[in-house]
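Computed from the coordinates by the stated procedures, all read-outs in this text should not be read as laboratory data. Since this is a predicted model, take the numbers as computed values, not measurements. Cβ placement follows ideal geometry from the backbone for every residue including glycine, while neighbour counts extend to all protein chains displayed.
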Amino acid sequence: MQNTSKSRRTVLVLCTGNSARSIMAEAYINHGWGGAWHAVSAGSKPTGRVNPLAIETLEVAGIPTAECMRSKSWDEFTGPAAPAIDLVLTVCDNAASETCPQFPGPARKVHLPFPDPAAALGTDDARRRAFRDVLDEMRPRLDALLNASDGP
């Protein structure tokens, strides 16, 4: 999955609310790609809380959640104290259409849209299934993106 022979780069995963999709992508990347990539996530209009079903879905999948337990603004990743960003990944159409602030570093922008599991309606089981489905869809697409971005 990951190539650890190159220096570790940073990917900023953006979604409007930073409560579900971006949190799940951050956790997945840090779990499976931690040697090559460090992921952080943020939102343009963060909800201020992580969706509990996102955390539950990650934990059931065996993906640690300690590093991504906070919904935060993309403003945290601007300015002189912010880490250099190699890749900005938007995971929702709303965030992709917004004008992003200037992030330090080369910050190549890529959009990989995923359905919003937090918008799923129905029973608790149906809502859990929506989160699992998004995580299952994310894994191969994130792997493909990071593999393709693994050049010098």
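One table, with the values for the structure above:
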{"quantity": "DSSP-assigned coil residues among trypsin sites (Lys or Arg not before Pro) in region 1-90, each with at most 13 further Cβ atoms within 10 Å", "calculated": "Lys6, Arg8, Arg49"}
{"quantity": "Nitroxide proxy distance, nm - points 7 Å out along Cα→Cβ at Arg132 and Ser149", "calculated": "2.8 nm"}
{"quantity": "Full-stretch length increase - Leu121, Gln102 - with 0.36 nm per residue and alpha-carbon distance subtracted", "calculated": "3.3 nm"}
{"quantity": "Estimated FRET transfer efficiency (Glu59, Lys109; beta-carbon r; R0 30 Å; 0.05)", "calculated": "0.50"}
